[in-house]
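Enquirer: First, the structure itself, so that you have it in front of you.
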Amino acid sequence: MGAFDYYKYYTGKAADLLDLSEGERIKLTTPDRVLKADLTIPLDAGGTATFPAYRVQFNNARGPYKGGIRFHTSADEDEVMALSAMMAIKCAVVDIPFGGGKGGVNVDTKKLSQKEIHEVARAYVRAFGEHFGPDVDVPAPDMYTNPEIMAVMLDEYETLTGTKAPAFITGKPLDKGGSVGRDTATADGAIAVLKALLNDRHVSAHTLRAAIQGAGNAGAQAAKLLCDMGTKVVAMSDSKGTLAGDEVDVAKVCDIKEKGGSVCDDISCGGQNARILSPEAVIEEEAEILVPAALEDQIRKDNVDRVKAGIVLEIANGPTTPEADDILAAQGVAVVPDVLANAGGVTVSYFEWLQNKSGETWTKDQVSDRLSDTMQEAYRDVADFALDRGVSLREAAYALALLRILGK
Ligand code: NAD
């Protein structure tokens, strides 16, 4: 299944639940606009290079198109379209007034200098600039793009339009109008949802163990927050392997990661019974909570029976295949779907956009409190819908989002 097939599968299931018409189903699976361009940039060594670029504006029924721009060799029309559709769902689940968009350039940034990467960023804005705007389509960072690249894109946009328009793009550096809290927003939002779910089930976080796949931006912050709430982290993984043990020293492991090392570099960080295992082993560790925070397609038909956790918190996009998802649902595992669990990032992007439009600067506490409220309210809506209809949290999240997009 391609990425867009996953989207169609889940949307189709929710459409059946809601008994939507054929016309509504077509509207929900057809992008408003697929923009394509070839970006040609000058190379430091002389000559030029050309890279295919995309911007998909999927749906703006609820507000401006919103979604990141990735610079990666996997970026193609299918991937960017699927991600843009997911953005529309995600924004609707957390009930922020944005639609869905996504962008990509098929480029290997590791082969370019910083100057050449900036040329790609400027060329992207020149190619699609007329379709962007604070009230039209608002981009953000994604894989292999970052606040610095957002600042370059903003500069190109403001030069092109002759305006001051910080709300054109989010994920900017703080001194260019970025928001505090954006760097940790995804994990902060996911943990706020997890707390609401545990509260709902009258389960104390102190009695639980967690296994976390991925120790990057999102995974490392999630691990720290889980420790803060008293949950024991018993496994953490990265592309090199899994560190498992009775209690992982998260602070030490994150320190090693920040210095460019691996979670497996110091086995003593695993505590009692420390072990170094394969990267995939993290999925089957004995823990009540499993947090996939790395890659897509990690929980599949062939390994789902080895998942021990009763709660799966999907911080990564698409970590569970639809077949595995059905099996987990049948077993009563609470899968907090990506479209809810990782929506904290776009929520704080919305806060950044609001601050830029109003000229306000929010404090860390203001951002953190509003994020927590937004995520907990979204969880409440989804959980109530799931209970009411007897469906999984994923089906409920999609169904709720479709109703909101259709204005029903
Ligand atoms: P990142 O690049 O900072 O970290 C990714 C981590 O995954 C790294 O630690 C890497 O070593 C690890 N990894 C790679 N291959 C692995 C493997 N085979 N097994 C275990 N770990 C492996 O990325 P991130 O920003 O933390 O994002 C992680 C996931 O969360 C992605 O799916 C991303 O799309 C999703 N997400 C992130 C954000 C955000 O704001 N950061 C927002 C929404 C969704």
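Enquirer: If packing is taken as the mean number of other Cβ atoms within 10 Å per residue, what is the order of 277-286, 190-199, highest first? It would help to have the intermediate numbers written out before the result.
Expert: Numbers: 277-286: 18.3, 190-199: 21.9.
Ranked by mean Cβ neighbours within 10 Å, highest first: 190-199, 277-286.
Enquirer: Please turn the phi angles of the stretch 275-281 into ³J(HN,Hα) values with the Karplus equation 6.51 cos²θ - 1.76 cosθ + 1.60 (θ = phi - 60°), one per residue in order, whole Hz, x for glycine and proline.
Expert: Values, residue by residue: 9, 10, 10, 5, x, 6, 4 Hz.
Enquirer: May I ask for the percentage of alpha-carbon pairs in the stretch 31-174 that lie more than 27 Å from each other? Walk me through the numbers before you get to the answer.
Expert: On the way: 1506 of 10296 pairs.
The share of Cα pairs beyond 27 Å in the stretch 31-174 comes to 15 percent.
Enquirer: Going by Cα centres, the stretch 13-63 and the stretch 314-385 are how many Å apart?
Expert: 22
Enquirer: I've got another one for you. Taking every pair of alpha-carbon atoms in the chain, give the share separated by more than 36 Å as a whole percent. List each step's numbers first, then the result.
Expert: Working: 19238 of 83028 pairs.
When every Cα pair of the chain is considered, 23 percent fall beyond 36 Å.
Enquirer: In whole Hz, with x marking every Gly and Pro, tabulate ³J(HN,Hα) for the stretch 85-94 from phi via Karplus 6.51 cos²θ - 1.76 cosθ + 1.60, θ = phi - 60°.
Expert: Karplus-based 3J(HN,Hα) across the stretch 85-94 equals 5, 5, 5, 4, 5, 4, 5, 6, 4, 8 Hz.
Enquirer: What area, in nm² and to one decimal, does the C-alpha convex hull of the stretch 1-77 cast on average over all directions?
Expert: Across all orientations, the stretch 1-77 yields a mean hull projection of 6.9 nm².
Enquirer: Gap in Å between the Cα centre of the stretch 242-284 and the Cα centre of the stretch 65-138?
Expert: 34
Enquirer: Given the convex hull of the Cα atoms of the stretch 121-233, what is a quarter of its surface area in nm²?
Expert: If you wrap the Cα atoms of the stretch 121-233 in a convex hull and average its projections, you get 8.7 nm².
Enquirer: Checking the a/c ratio against 1.5 first, then a/b against b/c, what shape does the Cα gyration tensor give for the stretch 70-131?
Expert: Details: a/c = 2.61, a/b = 1.87, b/c = 1.39.
Because a/c hits 1.5 or more and a/b exceeds b/c, the stretch 70-131 counts as prolate.
Enquirer: Further, regarding this structure: Over the chain, with the other protein chains present, what is the accessible area per residue in square angstrom, probe 1.4 angstrom?
Expert: On the way: 16770 Å² over 408 residues.
Result: 41 Å² per residue.
Enquirer: Using modelled backbone amide H atoms (1.01 Å from N, in-plane), which distant-in-sequence or interchain residues come within less than 5 Å of VAL233's amide H?
Expert: Hits under the 5 Å cutoff: ALA210, VAL248.
Enquirer: Additional query: Using amide H atoms built 1.01 Å from N in the peptide plane, name the residues 5+ places from VAL335, or on other chains, whose amide H lies under 5 Å from its own.
Expert: It is VAL312, LEU393, by chain and number.
Enquirer: Per-residue ellipticity at 222 nm for the chain, helices alone: DSSP H runs ≥ 4 residues times -39500 (n - 2.57), over residue total, nearest 500 deg cm²/dmol?
Expert: -14000 deg cm²/dmol
Enquirer: What part of the accessible area of the chain, given as a whole %, is carbon or sulfur when the probe is 1.4 angstrom? If you can, show how the numbers build up before the last one.
Expert: Details: 8060 of 16770 Å².
Exposed carbon and sulfur together represent 48 percent of the surface.
Enquirer: Local charge sum around LEU340 (other residues, Cβ-Cβ under 9 Å, Lys/Arg +1, Asp/Glu -1)?
Expert: 0
Enquirer: If you don't mind, there's one more thing I want to ask. If you average 1/r over all unlike Cα pairs in the stretch 176-314 and invert the result, what Kirkwood radius do you get in angstrom?
Expert: 15.0
Enquirer: Starting from the Kirkwood radius over alpha-carbon pairs of the stretch 274-336, derive D by Stokes-Einstein at 25 °C in a medium of 0.890 mPa s and give it in µm² s⁻¹.
Expert: 211
Enquirer: While we're looking at this one, here's another question. Using Cα springs under 10 Å in a Gaussian network model of the chain, which residue among ASP32, ASP238, ASP365 shows the largest mean-square fluctuation?
Expert: ASP365
The values are calculated or read from the model by the stated rules, or taken from the named source; none is laboratory data. Everything quoted here is computed from the prediction, not taken from an experiment. Every residue, glycine among them, receives a Cβ derived from its backbone with ideal geometry; neighbour counts consider all protein chains shown. We work out accessible area using only protein heavy atoms, side chains counted, and drop any ligands, DNA or RNA first. Shrake-Rupley method; radii C 1.70, N 1.55, O 1.52, S 1.80 Å.
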